[in-house]
Every structure is written in structure tokens, then in C-alpha cells.
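The values are calculated or read from the model by the stated rules, or taken from the named source; none is laboratory data. Keep in mind that this is a model prediction, so the values were computed, not measured. Glycine also receives a Cβ, built like all others from the backbone with ideal geometry; neighbour counts cover every protein chain displayed. With ligands, DNA and RNA removed, areas are computed over all heavy atoms of the protein, side chains included. Shrake-Rupley method; radii C 1.70, N 1.55, O 1.52, S 1.80 Å.
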Amino acid sequence: MRPEPLTVFVVDDDPAVRDSLALMLGLAGFQTALFASAEAFLAAHQSDWAGCVVADLRLPGMSGVELQATLRARGRKLPFVIITAHGDVPTARAAFHAQAVDFLEKPFDDVHLRAAIETAFGLERRRIERALARQGDAERLARLTAREREVMEHAARGLHAKEIAAVMGISPRTVEVHKTRLMAKLGVRNVAELVRFSLVAGSQVDGGS
């Protein structure tokens, strides 16, 4: 899976603000996408979008903080930067409670906004790296036969070849063959790495992410 380029998704009902932010961010090298409302953003939203959302607090319909909460409830983790001309402590607290990167009051310094976006992008890059690592682990696990996976699970619990052989009703030599093959498929060099893959396998079965 190739990660999508990081984008700043600007959600503001003021066309002048959208245009000025797009110009400023574009000149700073950021890719942008503009939306006039939270509802327009949600209607267009794709699961593979990556980057961060810069949303006005007060929007027609759903607010910026409500948009943030809605995406969180759907399991989406796009970082948010909330901007507003009407900041107060309760709304700032609500934004940060929903894990907003920053809460900027208008008129804000462009430098502060760019810094907040860079912080958000750093969070996104780490999230994408973790997702790609999990995907790679899952793909390698999928290469194992049912027997190899069973040997992996027993070995990860600390059983030796003879003990695994007794449990599975096969010879210790066959256990060693399975273990050698599965470790090569997984690209692991020791039992510690095998344990990690066993935990990944368990999370896949349980639907973990």
C-alpha cells in the first residue's frame, strides 16, 4: 500500500478565508483541499485521506469540534487544528479533549498555523508508518500454512520442539522444519521476534488494529 500524499483539508464557510489559507499554504508547499462546511467535507471524505484538518469552530450546521468528534466516532484519526474568531475556554477544552493539535484564535500568525500543521503531519506520518507495519506483518502471517502458524503459536508460548511435537502429534524433526520455514517467511531471527508476530496474529484474529 502506497500512502496518499499529506493534504491540509480546510473547512471554513468564509470564501475569503478559504482562499487566503489556500494561497498561504500553497506558497509554503502544502497541498490543500477546501470545503465550505463540515457536511461537505463528510460527503466527500475518503478513508484513505491523510494529512490534517484545519476547521473553523463556527460553521453553518455542524461545528468544527463536532466534525472532529464525528470523525473520531467513525474511527478516523485525522489530526485537527481548530481556528476561530470566538474562542473561549470551554470550546478550547472540548477541542483538546477530542485531541486537537492546536486551537488558534483569529487573527492568527501564519507561522503558528504552519507550525501546528507540521506537528499534525508528524502525527500522521507516524500513524501511517504504524499502519504500514501492521499491514506488512499481516501479509507475512498470511504466507504461513496452518501447521506453521500452530508451531509459531506454541513456540511463542515458550514450548521447545519436543513439547510442541507432543502437543501436535508430530516428530520433533518435523517441528524444526516447520519452525525454520515459518521464521524464514516472517523474516524473524529469534524467539522474541516470533513472540511479536504471535501477538500480531492474535490481534488479527480478534479484529485488533
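Shape class for the range 16-58, computed from the alpha carbon gyration tensor (a ≥ b ≥ c): oblate, with a/c not under 1.5 and a/b at or below b/c. Calculated from the alpha-carbon coordinates, the chain shows an Rg and a Dmax of 23.9, 74 Å respectively.
Within the accessible area of the range 159-200, what % is carbon and sulfur when the probe is 1.4 Å and the other protein chains stay in place? Mind dumping the intermediate values first?
Details: 1520 of 2570 Å².
Solvent-exposed carbon and sulfur of the range 159-200 make up 59 percent of the total.
Using R₀ = 30 Å, calculate the FRET efficiency as 1/(1 + (r/R₀)^6) where r is the Cβ-Cβ separation of VAL167 and GLU129; round to 0.05.
On the way: r = 37 Å, r/R0 = 1.23.
E(calc), rounded to 0.05, equals 0.20.
Rank-order 132-145, 55-68 by packing density, defined as the average count of other C-beta atoms within 10 Å over each peptide's residues, highest first. Please list the in-between numbers first.
Values: 132-145: 13.9, 55-68: 20.8.
Averaged packing, sorted descending, gives the order 55-68, 132-145.
Each Lys or Arg adds one and each Asp or Glu takes one away; over the other residues whose Cβ falls under 12 Å from the Cβ of ALA38, this sums to -4. Taking every C-alpha pair closer than 8 Å and separated by at least 6 residues, the mean separation divided by the residue count of the range 1-76 gives a relative contact order of 37 percent.
Of the DSSP beta bridges with both residues in the range 1-124, give the percent that are antiparallel, rounding to the nearest 5. Spell out each step's value before the answer.
Details: 0 of 18 bridges.
Counting DSSP beta bridges with both partners in the range 1-124, the antiparallel share is about 0 percent.
Short-range pairs are left out: with C-alpha atoms under 8 Å and at least six residues apart, the relative contact order of the chain is 15 percent. Only aspartates and glutamates eight or more places from LYS185 in sequence, or on another chain, were considered; those with a Cα closer than 13 Å are ASP137, GLU139, GLU148, GLU193. A rounded overall shape is assigned to the range 7-131, the ratio a/c of its alpha-carbon gyration tensor axes (a ≥ b ≥ c) being less than 1.5.
Helical runs (DSSP H, four residues minimum) scored at -39500 (n - 2.57) apiece and divided by the length of the chain put the mean residue ellipticity at 222 nm at -18500 deg cm²/dmol. When each of the peptides 148-157, 25-34 is scored by how many other beta carbons lie within 10 Å of its residues on average, the order from highest to lowest is 148-157, 25-34. The residues of the range 16-119 have, on average, 49 Å² of accessible surface per residue, using a 1.4 Å probe with all protein chains present.
Could you tell me whether the range 69-131 comes out rounded, prolate or oblate from its Cα gyration tensor? Rule is a ≥ b ≥ c as square roots of the eigenvalues, rounded for a/c under 1.5, then prolate if a/b exceeds b/c, otherwise oblate. Oblate shape, in that a/c is at least 1.5 and b/c is the bigger or equal ratio.
Count the net charge of all other residues whose Cβ sits under 15 Å from the Cβ of LEU186, scoring Lys and Arg as +1 and Asp and Glu as -1. Walk me through the numbers before you get to the answer.
Numbers: positive: ARG134, ARG140, ARG143, ARG147, ARG149, LYS179, ARG181, LYS185, ARG189, ARG196; negative: ASP137, GLU139, GLU148, GLU150, GLU153, GLU193.
Local net charge: +4.
Using a 1.4 Å probe over the heavy atoms of the protein chains, calculate the carbon and sulfur portion of the accessible area of the range 6-74 as a whole percent. Summing carbon and sulfur atoms, their accessible area is 54 percent of the total for the range 6-74.
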